[in-house]
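Report on the following structure.
The values are calculated or read from the model by the stated rules, or taken from the named source; none is laboratory data. Note that the structure is a prediction, hence the values are computed from the model and not measured. Here the Cβ is made from the backbone with ideal geometry for all residues, glycine too, and neighbour counts use every protein chain on show.
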Amino acid sequence: MNNGKKDDRLTVERRRMVRCDLKGRDITDPGVLKVMGEIRREDFMLESYRSKAYVDGPVPIGMGQTISQPYIVALMTQELRLNSHCEVLEIGTGSGYQTAVLSKLAREVYTIERFNQLSESAQAVLEKSGADNIKYYIGDGSCGWPEQRTFDRIIVTAAVPQVPMSLTVQLVEAGLIVAPVGHGDVQRLVVGEKKKGKLVFRPICDVRFVKLIGEHAFEAQ
């Protein structure tokens, strides 16, 4: 199959994804739907997996990590209730796909990745796409952004046993954090709103994420 026909097929599949996997479920935010209909998920995937770009499931990206299921990317983004004034902290850059979605809806994205190889690969794709409102850091995401500052929204794209206090303190009052929380193979996706310095949680659904490794998360095996 030549690249032109392959691109056409993936474009059709991307439209189907938005129509069936997102709109067909409970994704109603018009901004999220628009952005996910525009971003080429295949650009963030290993060549050997690009034919599966719009399968509604996670796909390996190397280093034991995955690119999240499109529906979950949309759901977590929708729960953040982003606007063009938001500064967002993302824990776990991974492939950069979720980062790309955030960058089109927020004013600025600060993203942390533990693996240098993944961060550099994601940065290359994001810069090629024209995203210029993203700051990158390679390190322990469970410790938060290395500089003392706060964010309007925080998204954690790997499982944590509990939301680290290091992230809570970097969230503004009335800010939102979305994270998969739990010790087992299945976690509970929650949204926490900061009220009087503490997080008040609302459960969303059960999910499966790889574990976040770090000082305030899980220990490396």
Handout entry: First in the stretch 154-170 and closer than 18 Å to residue 203 by Cα and at pLDDT 95 or above, second anywhere and of a type in the set (S, T, N, Q) and in a strand (DSSP E or B), Cβ under 7 Å, 6 or more apart
Key = 159/187
Problem - Residues located in the stretch 86-120, provided they are surrounded by fewer than 24 Cβ atoms within 10 Å (Cβ to Cβ), in contact (Cβ under 8 Å) with a residue 24 or more places away in the chain and among the charged types (D, E, K, R) - result: 87, 104, 107, 108, 114
Practice task
State yes or no: is residue 51 at pLDDT 95 or above, on the phi < 0 side of the Ramachandran plot and hydroxyl-bearing (Ser, Thr, Tyr)?
Solution key: no
Exercise for the section: Evaluate the following for residue 7: is it acidic (Asp, Glu) and either within 18 Å of the chain's Cα centre (by Cα) or in a strand (DSSP E or B) (or both)? Expected result: no
Completion exercise
Residues of the stretch 56-72 being polar (S, T, N, Q) and assigned to a strand (DSSP E or B), in sequence order, are 65, 66
Completion exercise
Being of a type outside the set (Ser, Thr, Tyr) and crowded, with 17+ Cβ neighbours inside 10 Å narrows 22, 46 down to just 22
Problem - strands (runs of 3 or more DSSP E) enclosed by the stretch 73-171 - at least 3 residues per element that are out of contact with any His (no Cβ under 8 Å at 6 or more places or on another chain) and of a type outside the set (A, V, I, L, M, F, W, C) - result: 108-113, 134-138
